[in-house]
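K.L.:
The structure's right below; bear with me while I get my questions together.
Read the figures in this text as sums done on the coordinates, not as results from a lab. Just so you know, these numbers come straight off a predicted model, no measurement behind them. Cβ: placed from backbone, ideal geometry, glycine included. Neighbour counts: every protein chain shown.
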Amino acid sequence: MRINLLYTVFLSCFSVLHPFHVSVTDIVHKAETQSVQVSQRIFIDDLEQGLKKFHQLDYVDTYKPKDPIRLDSLIEAYLKQKVFIRINGKTRAFNYLGSEVESDARWCYYEIQGIAEVTEAEITNVLLMEVFDDQQNIVHFKANEVMKSYKLDKEDTYTTFKF
């Protein structure tokens, strides 16, 4: 209990010093496995606020959860309502693989199978925009040896990459 209190105090102090709200999504098309692999980096304290609001919870520990499987279930449900990927004109559901903590962020991993080639990708990412007015979601997409990037925000929630 004391550790939880210290952690809460730490996060409260950190959120005051946390001047911006940003996530970074790295998407890579792997032709050899016919898959699109996604890694999304989200600040721990921001993710916690988003999960609490989305799931109407009083408390969520995204740093050292007592039940990591439950946390991943909460994250998966949240991401599936906030991130949408269309590949070559078709909306594709993703398989959530899990997450891990790295420093002050949690990396979330998911993938889409059965994608032989990518000529166009539309990414919608409204992650945390219901929590923070200044939320930015940076998307990097690599396909056909070409990397493209775009910054999404409340005014611009999706982008289309052509390869």
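K.L.:
Restrict the search to the range 57-149; then list the GluC sites (Glu not before Pro) that DSSP places in a loop and that have at most 13 other Cβ atoms within 10 Å of their Cβ.
P.N.:
The qualifying sites are E117, E145.
K.L.:
Give a residue-ordered list of calculated ³J(HN,Hα) values for the range 51-68 (Karplus: 6.51 cos²θ - 1.76 cosθ + 1.60, θ = phi - 60°; whole Hz; x for Gly, Pro).
P.N.:
5, 4, 5, 4, 9, 6, 10, 7, 8, 9, 9, 9, 8, 10, x, 5, 10, x
K.L.:
Something else now. Under a crude label model (7 Å from the Cα following the beta-carbon direction), how far is Y59 from T33 in nanometres?
P.N.:
Inter-label distance under the simple model: 3.7 nm.
K.L.:
Could you give the length gained on full extension between K154 and K52, defined as 0.36 nm per residue of separation minus the Cα-Cα distance, in nm?
P.N.:
34.7 nm
K.L.:
If the label point is 7 Å along Cα→Cβ of V146, which residues in the range 77-109 have backbone nitrogen under 18 Å from it?
P.N.:
Counting only backbone N, you get 86-90.
K.L.:
A further question follows. Taking amide H positions as placed 1.01 Å from N in the peptide plane, with prolines and chain starts having none, which residues 5 or more places from N88, or on another chain, fall under 5 Å of its amide H?
P.N.:
Long-range HN contacts for N88: T119, E120, A121, E122.
K.L.:
Students often get this wrong, so try it: which of (i) 81, 34, 23; (ii) 77, 41, 20; (iii) 52, 32, 26 is Cα extents along the principal axes in Å as calculated from the structure shown?
P.N.:
(iii)
K.L.:
Can you give the charge dipole size of the chain about its Cα centre, rounded to the nearest 20 debye, using +1 on the beta carbon of Lys and Arg and -1 on the beta carbon of Asp and Glu?
P.N.:
Dipole magnitude for the chain comes out near 260 debye.
K.L.:
Here is a further query. Order these peptides, 60-70, 30-40, by their mean beta-carbon neighbour count within 10 angstrom, highest first.
P.N.:
Answer by packing, highest mean first, reads 30-40, 60-70.
K.L.:
Calculate one ³J(HN,Hα) per residue across the range 119-134 by plugging θ = phi - 60° into the Karplus curve 6.51 cos²θ - 1.76 cosθ + 1.60, and present them in order as whole Hz with x for glycine and proline.
P.N.:
After applying 6.51 cos²θ - 1.76 cosθ + 1.60, I find 10, 8, 9, 10, 10, 10, 9, 10, 3, 6, 6, 7, 9, 10, 5, 9 Hz.
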